[in-house]
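See below for the structure under consideration.
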Amino acid sequence: MSGPAGGVPRRLAAVVRTGLRSNFGLAVIKYRLLVEKKDRWLVPLFAAAALGAVPMFWSLVLFIENAYLVLRPMGQERALLSCGLLAGQILVLIFGVYFVIAAFYLSRDLEFLVPLPLRPGEVMAGKFAVIVVNEYLTVAAVVLPVVVTVGVLARAGIGYWVNATLVYLALPVIPLAVVSLAVVAMMRFVAVSRKKDALILVGSLALIGLSFLAQISLGRSAGSVGPGTGSEALAAFFTSPDNLLNRIGAVFPPSIWATKAIAAGFSAEGLSNLALLLGVSMALFAGLVAAAEALFYRGLVGLGETAGRRRRLSRDEMSRRLTSGRRARAAIFGREWKIMNRTPIFLLNGVLVSVFVPALFVLMSTVGRSRTGGTARIDVAALLATLTAAKPHVAILGAALFMTVCGVLNGTAASAFSREGGQFWISRTIPVAPREQAAAKFLHSCVVAALGVVTAAVVAAAFFRLKPAHLGPAFLLALAAGAGLAAVGMMIDLARPLLDWTNPQKAIKQNLNVLLAMLADVGILTAAYFAARSLIRADLPPGIVLGIVFAGLAAFAAAAYAALLRFADRRYPGIE
């Protein structure tokens, strides 16, 4: 290190490089594939998964193309870009809370970084850069299809693509910096409390709730289409350039800057909005570094300490606790419940995602809704009712798919064994059969999935106005599908559990098993979709169609559960 000033970029680069290596484990993957010659089956698996995802992305591209062709004659095609960029930034803003907490305060590498001759701002800046790189992958599936498809359809010039690249690189910075500043301020007060885990959880939920409320308020405040009612107001609205863009982007104004920067290219409008986006991003990042210098290490002090209550147990109470007669499966379920709920990152990334995903639909449904109930707003519920009036079982199957996705899109089942981490040796040594432990973990995963299904059912009833006659069958179908997918996710995690993780976040969000399980879920649900579509096209009665689909899902769940128990008996002894 050459000096305090000249060595800053070099030290920061070293921190970022080390963080990226630890985060993605590329060196470990390379060593296992090329030196140990293990996990080579992952290469064809990922290739097959990539090919399997092609139809889904192609369908998305076709949807974007149709929307573009509808909006272009009205001069509102920029709104399509805004939707994609806004969706990516909202994902970062909401789900970045617990990612930031895990990386900044709960990572095990802090015990090595803090003693090094690094400024607090350098440590936080390095970790922030690693989070930004992770978020590029998170928003890629949402943002890139829209940006690329619109650019191709519009036959955009070089300015579009250059600005689009710069905007994509800056896209996560503003929402992440806002979240990071709030987290740093929150953790400064958490560190002085005895109940740190509880305060981290409550504070995280408060930050997420505030972001939801702020976006809903902004969306409603921009919801009016202007003076007048009916067709006149609607016509005036769509004939004014960028009205739809401004209305959508009001939820998060940086999405407007990003959209105009991309769409306008190298024009004065494009470059000024690009400068505004980059300038605000750099200003917030500088503010984060300054806040880190003052608050970061203070928030770390005492964070790893725990406080317990000293209470003397009587002989009778001790005997009752040790000889309670609790069954092994119930005891393992209780342990799994405590591991999940007492670790804020596990709870936020796992259980509460089941609530957040349906809540996103609630948030998006408020975009464009005026405080006075503007009449120009598209009624999604009425539109769905019209489309499914002739075939009500289509509405049931669609609702079941929505509930299933909300139930399993949380990584709980696919990290059931990885979450134990270095403590897995306890599961290896306790006198409980592996199949009993797997059965208890399966029940826990199903409970979490059921929470997501119930939340999605409430959203479907309240915001999509789905009838009870449709909700009941959809609920049963979703439970059956969720049970089968939970068993599949657990088998994937059991095959190669990630037990040596550096922070709790890595056990779920950065766990390759979770990604593999999601790919498997997509494949299974796609197969179920085509099977149901073939039954519908055969003009079978709705009751027969639903009965066959439910029987198939129930049989799949039973077979997957039985396979999980057999696999647990074989696999447990071989896990190191």
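Once fully extended, how much extra length lies between residue 426 and residue 469, figured as 0.36 nm per residue of separation less the alpha-carbon to alpha-carbon distance?
Taking 0.36 nm per residue and subtracting the Cα distance, the gain is 10.8 nm.
At a 10 Å Cβ-Cβ cut-off, how would you order 446, 406, fewest neighbours first?
446, 406
Once you've got the Cα coordinates, tell me which of 441/467; 338/506; 441/506; 260/509; 260/506; 127/338 are over 24 Å apart.
441/467; 260/509; 260/506; 127/338
Stretch residue 530-residue 565 to full length: gain in nm at 0.36 nm per residue minus the Cα-Cα span?
9.7 nm is the gain from fully extending residue 530 to residue 565.
Can you pull the one-decimal nm distance between simple spin-label points at residue 294 and residue 112, each 7 Å off the Cα toward Cβ?
Between residue 294 and residue 112, the label points sit 3.2 nm apart.
From the Cα trace of segment 328-576, what convex hull volume per residue do you get, rounded to a whole Å³?
131
Could you check the spin-label model distance between residue 54 and residue 137? Points 7 Å from the Cα along Cα→Cβ, value in nm.
2.3
Compute the orientation-averaged projected area for segment 426-517 from the convex hull of its Cα atoms and round it to one decimal in nm².
If you wrap the Cα atoms of segment 426-517 in a convex hull and average its projections, you get 7.5 nm².
Using θ = phi - 60° and the Karplus form 6.51 cos²θ - 1.76 cosθ + 1.60, what ³J(HN,Hα) does each residue of segment 405-420 get, whole Hz, x for Gly and Pro?
In residue order, the calculated couplings are 4, 5, x, 9, 7, 9, x, 5, 5, 6, 10, 4, 8, 5, 5, 6 Hz.
I need the phi-derived Karplus couplings for segment 516-527: 6.51 cos²θ - 1.76 cosθ + 1.60, θ = phi - 60°, integer Hz, Gly and Pro marked x.
4, 5, 5, 5, 5, 4, 4, x, 5, 5, 5, 4
According to a simple spin-label model (label point 7 Å from Cα along Cα-to-Cβ), what is the distance in nm between residue 275 and residue 165?
Output for this residue pair reads 2.2 nm.
Less than 12 Å Cβ to Cβ from residue 444, Lys/Arg counted +1 and Asp/Glu -1: what total charge do the surrounding residues give?
Computed value for this residue: +4.
The numbers here are math on the coordinates, done by the rules we state, and not lab data. None of these values were measured; they are calculated from a predicted model. All Cβ positions, even for glycine, are placed from backbone atoms using ideal geometry, and neighbour counts span all protein chains on display.
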